[in-house]
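The values are calculated or read from the model by the stated rules, or taken from the named source; none is laboratory data. The shown structure was predicted, so the numbers you read here are calculated from the model rather than taken from an experiment. Heads up, the Cβs are rebuilt from the backbone with ideal geometry, glycines too, and the neighbour counts pull from every protein chain shown.
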Amino acid sequence: MTLRQEKVRGLITELSAEFIQYQANTKSMITVTDCNVSSDLKKSTIFVTVFPAENEKEAMDFLKRKRREFREFIKSKMKFMRSVPFFDFEIDKGEKNRQRIDEISNKI
């Protein structure tokens, strides 16, 4: 990953957490865990976790509904970029597995 990709990745992660904090409902807590940016900076995948896990579907529906607003928010904050990437949101499976391992180890 180039230095520019790394900087854009970090900024998108930070701004996505800020956007979600102010736009999300209070039924669940959505946490941004990671972000991947394509080499041409045209596509970005944002990984999130949702607590409680029962609200994952609602949270993902919310994020997909707000994608256009999110892109406008990023565009307003990252004026130095000629084109803003298209965003996709996914549940962070790695983090979910780590939480499950913690639960199992606590039972032992």
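Which condition breaks for Pro52 when tested against (1) farther than 15 Å from Asp34 by Cβ; (2) touching a residue at least 60 places away in the same chain (Cβ under 8 Å)?
Result: Pro52 fails condition (2) only.
Quick check: is even one residue across the range 31-43 assigned to a helix (DSSP H, G or I) and over 14 Å from the mean Cα position of the chain (by Cα)? Lay out the reasoning, then the answer.
Residues of the range 31-43 assigned to a helix (DSSP H, G or I): none.
So far as the range 31-43 goes, no, none of its residues is assigned to a helix (DSSP H, G or I) and over 14 Å from the mean Cα position of the chain (by Cα).
Identify, from the list Thr2, Thr31, the residue that is surrounded by fewer than 16 Cβ atoms within 10 Å (Cβ to Cβ), of a type in the set (Val, Ile, Thr) and farther than 30 Å from Glu103 by Cα. Outline the logic, then answer.
On the way: Thr31 fails: farther than 30 Å from Glu103 by Cα.
None of the other options fit; the residue is Thr2.
Is there a residue in the range 49-65 that is modelled with pLDDT of 90 or more, surrounded by fewer than 17 Cβ atoms within 10 Å (Cβ to Cβ), more than 10 Å from the chain's Cα centre (by Cα) and under 27 Å from Met1 (Cα atoms)?
Yes, that holds for at least one residue.
Looking for whichever is among the charged types (D, E, K, R), out of contact with any strand residue (DSSP E or B) (no Cβ under 6 Å at 6 or more places or on another chain) and assigned to a helix (DSSP H, G or I) here; the options are Lys27, Lys96. Which one fits? Lay out the reasoning, then the answer.
Details: Lys27 fails: assigned to a helix (DSSP H, G or I).
Result: Lys96 is the single residue among Lys27, Lys96 that is among the charged types (D, E, K, R), out of contact with any strand residue (DSSP E or B) (no Cβ under 6 Å at 6 or more places or on another chain) and assigned to a helix (DSSP H, G or I).
Select from the range 62-93 the residues that are aromatic (Phe, Trp, Tyr), closer than 20 Å to Val37 by Cβ and either in contact with a strand residue (DSSP E or B) (Cβ under 9 Å, 6 or more places away or on another chain) or assigned to a helix (DSSP H, G or I) (or both) and list them in ascending order. Break it down stepwise before answering.
Taking the range 62-93 and keeping what is aromatic (Phe, Trp, Tyr), we get 62, 70, 73, 80, 86-87, 89.
From the residues that got through so far, the ones that are closer than 20 Å to Val37 by Cβ too are 70, 73, 80, 86-87, 89.
Listed by number, the residues that qualify are Phe70, Phe73, Phe86, Phe87, Phe89.
Take the residues of the range 91-108 that are surrounded by 14 or more Cβ atoms within 10 Å (Cβ to Cβ) and among the charged types (D, E, K, R): which is modelled with the lowest pLDDT?
Among those residues, the one meeting the criterion is Lys96.
From the list Ile46, Ile12, exactly one residue is surrounded by 12 or more Cβ atoms within 10 Å (Cβ to Cβ), assigned to a helix (DSSP H, G or I) and under 14 Å from the mean Cα position of the chain (by Cα). Which is it? Steps first, answer last, please.
Values: Ile46 fails: assigned to a helix (DSSP H, G or I).
The match here is Ile12.
Has the range 50-60 got any residue that is assigned to a strand (DSSP E or B), more than 30 Å from Glu103 (Cα to Cα) and touching a helix residue (DSSP H, G or I) at 6+ places or on another chain (Cβ under 6 Å)? Steps first, please.
Kept after step one, since they are assigned to a strand (DSSP E or B), are these residues of the range 50-60: 50-51.
Going one step further and asking which of them are more than 30 Å from Glu103 (Cα to Cα), we end up with none.
The answer is no; no qualifying residue exists.
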